[in-house]
Structure formats: C-alpha cells, structure tokens
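I have placed the structure first, in the form of structure tokens, so that the comments after it can refer back to it.
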Amino acid sequence: MTLEIIKTRRSIRKYKSTPVTDEQIRALLEAAMLSPSACNTRPWRFIAIKNREMLDNLAEIHPYAKMLKTAPLCIAVIALPKTQERDDNLPVGFYPQDCGAATQNILLQAESMNLGTCWCGVYPKDATMKAVAEALKTTADEIPFCLIAVGEKDEAPNQRGKFEEERITWIK
Ligand SMILES: Cc1cc2nc3c(=O)[nH]c(=O)nc-3n(C[C@H](O)[C@H](O)[C@H](O)COP(=O)(O)O)c2cc1C
C-alpha cells in the first residue's frame, strides 16, 4: 500500500453503473479480512449487495447514503461482538476498531483497483442500526457497522493535502 493510494482516495458520491465483478469483490474482502483485530478475533462478516432494489432501499433508510442510488455495489460490514466474549475478556469491546480497520482496508484496496468508495457510518446510530439490521435481516447478535458504496467513479474530487504539523507531538 503506497502513500499515493492513500492520498488519491476520496469519498465518491456519484457512480457509473458498470458492475463490480465477483472477483473484484473477493479482492476487496480479502483485504478486509487481512486487517488487524484484537486478539485476532476477526469480529466481522460482510454482505455484498448488488441487488438494485436492496441498494435503493438502503439509500432510503440510511439518512446519508443517497449515493447508493447510483452505486452498483454496497458492502455492509457487520460486527460480531460476541466473538470477543471469552474467559480472559481481553478482546471484549474492540469490535468497532476492528471493523473500522477492515473498512479502511476495503477503501484502500478499492482505490488501488481504481474503484470509488464511500464509507457510510451506521454504528453507533441506534435508528440507522435498527433500520439496516431489519433490511439486511441480521441476527440479534450482530451489529451493522457501516455500509460502503463501491463502483466506478463518476466524479473526480481533488486530492487534499491534510498533513498538519501542529497535530504532532514529538517525544524524542
Ligand atoms: C465513520 C464515518 C462515517 C461516515 N459516514 C458517511 C455517510 O453516512 N455519508 C457520507 O456521504 N459520507 C460519510 N463518511 C465520509 C466522510 O464524510 C468523508 O470521509 C470525509 O468528509 C472526508 O472526505 P474524504 O473521504 O473524501 O477524504 C463517513 C466517514 C467515516 C469515517
């Protein structure tokens, strides 16, 4: 992963209808599943949604995911908090960080394949979590973490320089 890919990635909110292939989706999810996680618990599963009716439905029920109306693919990242409950309690509660790392891996892998993405937060917004859980029929043990719009970009936002020296404290 190069700094160039990280610099080029922007949130994309307009997509072309070109389908994302299953092979491309597998590459995105392989990147996700290689993310670090607390005690290697990998508290996630993924739903790859290509169905236009479901994409439109998700665009309706999520307050800030209208780009799913043009995106050919949505990947829902589903957190599995129970997988972190064990006798030593060590990984308990880390699932949002783990799912965030998996999400970012998907975004960067997609950028490296010249696919656009937009991370649409679901957790910890109760109403959105409930609506997405109902739409995707997740179980009571599962938490919809986020929706990621994916597809060929139909807009080209500029790279942004965000390096801010004043946010760094050096301890040398
Ligand atoms: C946790 C999280 C939740 C986000 N939720 C949304 C969202 O619901 N809808 C949306 O259009 N963008 C969403 N974004 C994208 C941010 O708005 C975007 O990353 C930010 O403005 C910086 O722009 P950039 O991604 O182009 O660098 C989310 C990003 C994160 C990390």
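Each value in this text was obtained by applying a stated rule to the coordinates, not by laboratory testing. As the structure is a prediction and not an experimental result, all values here were calculated from the model. Methodologically, a virtual Cβ is constructed for each residue, glycine included, from the backbone with ideal geometry; neighbour enumeration extends over all protein chains shown.
Tabulated data for the structure shown
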| read-out | value |
| --- | --- |
| Added length on full extension, which subtracts the Cα-Cα distance from 0.36 nm per residue, Lys14 to Glu30 | 3.3 nm |
| Max mean-square fluctuation residue, GNM over the chain, Cα-Cα springs under 10 Å, options Pro43, Pro63, Pro81 | Pro63 |
| Convex hull of Cα atoms in the range 9-156, direction-averaged projection (nm²) | 8.1 nm² |
| Net lengthening on full extension, Lys7/Met54 (0.36 nm per residue, minus Cα-Cα) | 13.8 nm |
| Computed [θ] at 222 nm, helices only, for the chain once each DSSP H run of length n ≥ 4 contributes -39500 (n - 2.57) | -10000 deg cm²/dmol |
| Antiparallel DSSP beta bridges within the chain, percent to nearest 5 | 95 percent |
| Most positive-pole-ward Cα, Ala71, Ala59, Asn158, against dipole of the chain from beta carbon charges | Asn158 |
| Among Lys66, Lys82, Lys162: highest mean-square fluctuation, GNM of the chain, C-alpha pairs under 10 Å | Lys162 |
| In Hz, Karplus ³J(HN,Hα) per residue of the range 116-129 (6.51, -1.76, 1.60; θ = phi - 60°; x = Gly, Pro) | x, 9, 9, 7, 10, x, 10, 5, x, 7, 3, 5, 5, 4 |
| HN-Hα J in Hz across the range 74-90 - Karplus 6.51, -1.76, 1.60, θ = phi - 60°, x for Gly and Pro | 10, 9, 8, 9, 10, 7, 10, x, 4, 5, 9, 8, 8, 4, 7, 6, 4 |
